[in-house]
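The values are calculated or read from the model by the stated rules, or taken from the named source; none is laboratory data. Quantities reported herein were computed from a predicted structural model and do not represent experimental measurements. Note that we place each Cβ from the backbone using ideal geometry, even for glycine, and neighbour counts take in every protein chain shown.
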C-alpha cells in the first residue's frame, strides 16, 4: 500500500529544517517528499503535526534473558512504538551477559516478536568482567552492532587496550561508560551540599572526567572507534572537545534524564530518581543542554532501565538505579524544546540521525529511499503522566504524576503503522 502523509510539519534532522510539507511511503521506504499524492494512495492528513524520523535509541536495557519479569522484547517493543522509538539498540548487561554468538543469536530470535527494529550490542569482555575479550569477530558476524560492558567499568587498562586494538582491526564500535570505578563504587548521588545534608554516599564529578580521560587515552593509543554512552558533567566536556579536535574517532551521548532533571529532584530519597551516573547539579544539566545544542554531545538516549517494585522500594542507597523511558523519551525531550534551549531539528537530530550515522544504519533521515521509520507527534499536547498507563512491564519512571507536553500520534516502521494513539 502506498501511503501519502499530507499537511505535515516536516522536521528534517539532516537539512535542519522545520517546514510544512508532505511525504509518500511506498514499499517500506520514503518514496517522495513534497510531491502530489500518487493515484490510489491512502491519504493521511497530519493536521499540521510534526513528522520526523523515528527515534534510534542507543542503550536500552531489556530483561531477556534472565529478567523477563522486568521487561520482555514484546513489552519493550510496544512501549517503544508508543514513544516514537523505531529502532532499539539493546544493551548486553543481561543475565547472563550477551558475550557469545549463541547468546546473541538467542536474543536476536526473541527480538523478532517486537513491532520495532531491535539491534544488539554485545559485551566487550567475557562476563563483562573487564579482563578477557569476547569473540568480537564472531559476534560481528552474528549481528552485533557495537561492543560495551555497559556500566561495569574495567580497571584492567591492558586488557581494554587489547580489546580496542582488535576491535579497531575489524572496524567495530566500542561503547564506554566514563566513570572511575573506584571513586564511584557505592555512590548514589553527586557530591555536594545536597548529598551531604541527605547523608547519601556520593561521588565527585571528577570521577567522570577521570574515566573519560582514561578511555580517550586508550582510543589515542589504539585508534579504536569509541562512543561514550553518558556524559553528564561540565568537567568532562573539555576532554571530549580536545579528543574531537585531535581527530580521534569519538562520539558521545547523554541521557534524557540528565538533560531534564537535577540532583534536587531526588527530594526526600525518591528512588525513581536514582540513576547511574547520579543526577547532577543544575549547572551541569544546563551545560549538557548547551553541549547537545552545539553538537559537542552527539546523541541523546533514553537509557531505558526497567526495575521492579521490589528493587526500587528500598532505602535510597540500596535501591536499583535507572528508569523506564521508552514512552517518556519524546515528551521529556519536549521540555528542552519548550524551554527555548534548542530548536526542534537539532533536538531530533541528536535522537535520530546522529545515532543512526554512528552505528552505520540507514534510519534517522527524511530523504527519498530512506526506510519509512517515522513518528508523527504533537509537540504541544499536554497530559498528566500516569506510570500505570505505561506499556513497559516495569513502571519505574521519575515523571509519574508530572505535567508533560508532547504526544506521539502515529509510529511507522518500514512503512507499517505500528502505533496509533487513541483519538
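Looking at 195, 157, 150, which is the one that is in contact (Cβ under 8 Å) with a residue 12 or more places away in the chain and closer than 25 Å to residue 357 by Cα?
Sole residue among the options that is in contact (Cβ under 8 Å) with a residue 12 or more places away in the chain and closer than 25 Å to residue 357 by Cα: 150.
What are the residues in region 104-138 that are in contact (Cβ under 8 Å) with a residue 40 or more places away in the chain, over 28 Å from residue 374 (Cβ atoms) and in contact with a strand residue (DSSP E or B) (Cβ under 7 Å, 6 or more places away or on another chain), if any?
Of everything in region 104-138, those that are in contact (Cβ under 8 Å) with a residue 40 or more places away in the chain, over 28 Å from residue 374 (Cβ atoms) and in contact with a strand residue (DSSP E or B) (Cβ under 7 Å, 6 or more places away or on another chain) turn out to be 104, 124.
Which of (1) surrounded by 23 or more Cβ atoms within 10 Å (Cβ to Cβ); (2) over 30 Å from residue 83 (Cβ atoms) is the odd one out, the single condition residue 217 does not satisfy?
(1)
Only residues that are part of a loop (DSSP other than H, G, I, E, B) and either within 20 Å of residue 205 (Cβ to Cβ) or free of Cβ contacts under 8 Å to residues at least 24 places away in the same chain (or both): list them for region 241-267, please.
The answer is 247, 261, 262, 267.
Of the residues 267, 223, 247, only one is surrounded by fewer than 21 Cβ atoms within 10 Å (Cβ to Cβ), on the phi > 0 side of the Ramachandran plot and in contact with a helix residue (DSSP H, G or I) (Cβ under 7 Å, 6 or more places away or on another chain); which?
Details: 267 fails: in contact with a helix residue (DSSP H, G or I) (Cβ under 7 Å, 6 or more places away or on another chain); 247 fails: in contact with a helix residue (DSSP H, G or I) (Cβ under 7 Å, 6 or more places away or on another chain).
Of the residues listed, the single one that is surrounded by fewer than 21 Cβ atoms within 10 Å (Cβ to Cβ), on the phi > 0 side of the Ramachandran plot and in contact with a helix residue (DSSP H, G or I) (Cβ under 7 Å, 6 or more places away or on another chain) is 223.
Are there helices (runs of 4 or more DSSP H) fully within region 306-423 with at least 2 residues that are touching a residue at least 24 places away in the same chain (Cβ under 8 Å) and touching a helix residue (DSSP H, G or I) at 6+ places or on another chain (Cβ under 8 Å)? List them. Break it down stepwise before answering.
Working: elements: 309-312, 329-338, 344-351, 353-359.
In region 306-423, the matching helices (runs of 4 or more DSSP H) lie at 329-338, 344-351.
Residue 331 - would you say it is modelled with pLDDT of 95 or more, more than 23 Å from residue 52 (Cα to Cα) and touching a strand residue (DSSP E or B) at 6+ places or on another chain (Cβ under 8 Å)?
It is false that residue 331 is modelled with pLDDT of 95 or more, more than 23 Å from residue 52 (Cα to Cα) and touching a strand residue (DSSP E or B) at 6+ places or on another chain (Cβ under 8 Å).
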